[in-house]
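Written below as structure tokens is the structure these notes are about.
Read the figures in this text as sums done on the coordinates, not as results from a lab. Everything numeric in this text was worked out from a predicted model, so none of it was measured. Note that we place each Cβ from the backbone using ideal geometry, even for glycine, and neighbour counts take in every protein chain shown.
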Amino acid sequence: MHECMKVFLINGAVMGGGAGLSMNAKFRIVTENTVFAMPEASFGHYPDVGASYFLSRLPGHFGEYLGLTGEKINGSEMIVSGLATHFVYSK
């Protein structure tokens, strides 16, 4: 079966549902402008089932931390945590 190759270029904010969509791509490219967060935690909600899938696979308890606090991280932090696969400068 032929797998569709998906590429997401994330050059700005990717939060909530947008984060859930982009995490299904084989290549997730971030820049110095990228900001990732699960902001629903700030108003009393929790990440949906899609986010709980990819957040639970991050090293340590980092995914749980992001999902429960709504903390923002940048593109280079996404690379280190495994949320992104590549980093390029926006220029």
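Mean residue ellipticity at 222 nm, helices only, the chain: -7500 deg cm²/dmol; runs of at least 4 DSSP H residues each add -39,500 (n - 2.57), and the sum is divided by the number of residues. Of the residues Ser81, Ser22, Ser42, the one that moves most in a GNM of the chain with alpha-carbon contacts below 10 Å is Ser42. When you filter the GluC sites (Glu not before Pro) in segment 36-91 for DSSP loop state and at most 16 other Cβ atoms inside 10 Å of their Cβ, you are left with Glu71. In a simple Cβ point-charge model (Lys, Arg +1; Asp, Glu -1; nothing else charged), the chain has a dipole of about 280 debye relative to its Cα centre. Using a Gaussian network model of the chain in which every pair of alpha carbons under 10 angstrom is joined by a spring, one finds that among Val35, Val80, Val14 the greatest mean-square fluctuation is at Val80. By the equivalent-ellipsoid construction on the alpha carbon gyration tensor, segment 13-65 comes out with semi-axes of 17, 14, 11 Å, ordered largest to smallest. Computed over the chain, the P(r) curve from all C-alpha pair distances, binned at 10 Å from the origin, holds 18, 53, 25, 4, 0 percent per bin. Comparing mean-square fluctuations of Pro47, Pro59, Pro39 from a GNM of the chain with C-alpha springs under 10 Å, the top value falls on Pro59. Taking amide H atoms as placed 1.01 Å from N in the peptide plane, the amide H of Phe87 lies under 5 Å from those of Val30, each 5 or more residues away in sequence or on another chain.
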